[in-house]
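To keep things clear, I will list the structure first and then write my remarks on it.
Read the figures in this text as sums done on the coordinates, not as results from a lab. The model shown is predicted, which means the values in this text are computed figures rather than measured ones. All Cβ positions, even for glycine, are placed from backbone atoms using ideal geometry, and neighbour counts span all protein chains on display.
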Amino acid sequence: MRAWLVASFFLLSFTYQPEGKSVIEFNAGFNTKNGYKDLGRLQNAKLYRVDIEAKPYLKDKYKIKSVPTLILFRDGEEMWRWEAGIDMKLHTHYLDIQDAINRF
């Protein structure tokens, strides 16, 4: 299993932003069944998951309006964002996200 599962809550105090590229899934405990299943398929970026119920200040800081939301960061700067629809599911193919990772 990839290290991002273990590291997610440790690194996401966001007083520190990982260098390079990172993709962060913001979700809530009540919506875990709709979490983005293909996050682990993404390459060339650090991967993290955040439960906004456990860390509500991150919801406000990153203006999370729906869950799940994926954000691609490069050196701490937001480059791209994917947000769930009204059904609280993210309908984005992982290759579209991978393409954004490769472009930025």
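Points worth noting:
- Potential extension, I86-N44 segment - 0.36 nm per residue separation minus Cα distance: 12.1 nm
- Long-range HN-HN contacts of K46 with modeled amide H, under 5 Å: K21, S22, V23
- Surrounding net charge for H93, when Lys and Arg each add one and Asp and Glu each subtract one, Cβ distance under 12 Å: -1
- Fully extended contour minus Cα-Cα distance, from H93 to K63, at 0.36 nm per residue: 8.5 nm
- Peptide ranges 59-70, 75-86 listed from the most packed, as the mean C-beta count within 10 angstrom indicates: 59-70, 75-86
- Kirkwood hydrodynamic radius of segment 4-103, Cα pairs, Å: 13.4
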